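> There's a structure below that I have some questions on.
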Amino acid sequence: HGLDHAMGIRETSLHTAGFIYAITGTTTALTFMSWVFTKDWPLNIGGKPHFALPAWIPITFELTVLFSAVGMVLTFCYLCNLAPFVKKHVFHPRATDDLFVMAIECTDKTDDNEVQSFLQNAGAKEINIQVAETGWWIGRYDREQKLYRDEIGY
């Protein structure tokens, strides 16, 4: 609801993928039904013509929604690294149990001691420094692709 725009994060392309999946579902439904009812198994059903497009609208709609929904869920899981076979970076063994983890990305200009003292003064009970690949949490994108509008560079 406008948070990504306010934070400067680029818009997601999930809606474009959903549209492509919907067009694929529509094309699949119409192609399959026209092939079955005109070439493979032409039946005279109630005197209707073999290519009866109005009778195919419900099935076409259902396959459009099905392809779009399943495709977007799979695309979302892929982009967010939610697949069970994707190795994930674990900050702390108890992070998913009873711990709150806050990740701070530091650059070469960041003073680690200053950040640690700030966090200790703020009441942090445990501070761990871990080295991770830059931008690892953002997902599977090309390194050349800008993820933020005003990105300086990674």
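The values are calculated or read from the model by the stated rules, or taken from the named source; none is laboratory data. Please read all numbers here as calculations on a predicted model, not as lab measurements. Heads up, the Cβs are rebuilt from the backbone with ideal geometry, glycines too, and the neighbour counts pull from every protein chain shown.
> Can you find a residue in the stretch 130-149 that is over 23 Å from GLY8 (Cβ atoms), at pLDDT 80 or above and not in a helix (DSSP H, G or I)? Explain how you work it out, then say what you get.
Of all residues in the stretch 130-149, those over 23 Å from GLY8 (Cβ atoms) come to 130-131.
Remaining after also requiring at pLDDT 80 or above: none.
No; the residues of the stretch 130-149 include none that is over 23 Å from GLY8 (Cβ atoms), at pLDDT 80 or above and not in a helix (DSSP H, G or I).
> Filter the stretch 1-54 down to the residues that are touching a His at 6+ places or on another chain (Cβ under 6 Å) and part of a helix (DSSP H, G or I), then identify the one that is nearest to ALA69 (Cα to Cα). Quick ask: steps written out before the conclusion?
Kept after step one, since they are touching a His at 6+ places or on another chain (Cβ under 6 Å), are these residues of the stretch 1-54: 37-38, 42.
In the following step, the residues that additionally are part of a helix (DSSP H, G or I) were identified as 37-38.
Working: PHE37: 27, THR38: 29 Å.
Filtering first and then ranking leaves PHE37.
> Separate question: Which residue out of ALA122, ALA69, ALA52 is surrounded by 12 or more Cβ atoms within 10 Å (Cβ to Cβ), modelled with pLDDT of 85 or more and among the aliphatic types (A, V, I, L, M)? First the steps, then the outcome.
On the way: ALA122 fails: surrounded by 12 or more Cβ atoms within 10 Å (Cβ to Cβ); ALA52 fails: modelled with pLDDT of 85 or more.
Result of the check over ALA122, ALA69, ALA52: ALA69.
> Restricting to the stretch 20-31, count the residues that are in contact (Cβ under 8 Å) with a residue 40 or more places away in the chain and loosely packed, with under 12 Cβ neighbours inside 10 Å.
Residues flagged as in contact (Cβ under 8 Å) with a residue 40 or more places away in the chain and loosely packed, with under 12 Cβ neighbours inside 10 Å within the stretch 20-31 amount to 0.
> In the set VAL101, VAL36, which member is modelled with pLDDT of 85 or more and on the phi < 0 side of the Ramachandran plot?
VAL36
> Taking the stretch 3-25 on its own, how many of its residues are more than 15 Å from LEU74 (Cα to Cα) and of a type in the set (A, V, I, L, M, F, W, C)?
5
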